[in-house]
Amino acid sequence: MIHLDTNFLIDALVPGSAQEALLIGWLDAGEALGISSLAWGEFLCGPLSPMAETFARQLLPIAEPLERSDAEKAAELFNRTGRRSKSYADCGIAAVAIRVHASLATSNRDDFVPMVSQGLTLA
């Protein structure tokens with residue numbers, strides 16, 4: 001399973017982007033896709049077109065909720081990866097991916113690389 005980070009989903013909706021090509025390849029290979037409720041909420045903050053939102057809802061009909069254990073894991077990731085300003089949401093997105101044993105697809109790999117040593121797998 002591959003979970004999509006907000007920025008990856010946004011970039012994947014751009015025709016001809018590298019992220020679109022990866023997404024199409026994963027879909028063609030039958031890869032299961034998912035998204036955390038945190039990433040989904042960020043995505044809906046937009047701006048986005050009604051067509052992009054409709055497509056994303058079809059592609060990702062369920063958003064994995066943030067559980068208490070995820071919040072605790074996010075705090076652990078935040079504290080172990082340098083307490084970087086504005087990184088707690090990324091830590092929550094990573095925590096959900098870790099719990100469901102999903103790789104995380106992101107366009108901002110540098111933001112998540114510090115979490116790899118804490119159990120995150122990047123797609």
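Rule-based calculations on the coordinates, nothing more; no lab input. A quick note: this is a predicted structure, and the numbers were derived from the prediction, not measured. So basically every Cβ, Gly included, is an ideal-geometry build from the backbone, and we count neighbours across all protein chains shown.
Would you calculate, for the chain, the mean residue ellipticity at 222 nm contributed by helices, counting each DSSP H stretch of 4 or more residues as -39,500 (n - 2.57) and dividing by all residues, to the nearest 500?
Taking each H run of at least 4 residues, the total per residue is -16500 deg cm²/dmol.
Find how much the distance from A29 to E67 grows on full extension, using 0.36 nm per residue of separation minus their present alpha carbon separation; answer in nm with one decimal.
Working it through step by step, the gained length comes to 10.7 nm.
As a test of the definition: which semi-axes, in Å, follow for the range 2-122 when you take the square root of five times each eigenvalue of its alpha carbon gyration tensor? Largest first, please.
The answer is 24, 15, 14 Å, longest axis first.
Along the principal axes of its C-alpha atoms, what lengths does the range 32-94 span, in descending order and rounded to whole Å?
Result, largest extent first: 39, 23, 17 Å.
If you take the beta carbon distance between E76 and A18 as r and set R0 to 30 Å, what does 1/(1 + (r/R0)^6) give as a FRET efficiency, to the nearest 0.05?
0.45
Taking 0.36 nm per intervening residue step and subtracting the Cα-Cα distance, what contour gain separates Q118 from Y88 on full extension?
That pair, Q118 and Y88, stretches by 9.3 nm at full extension.
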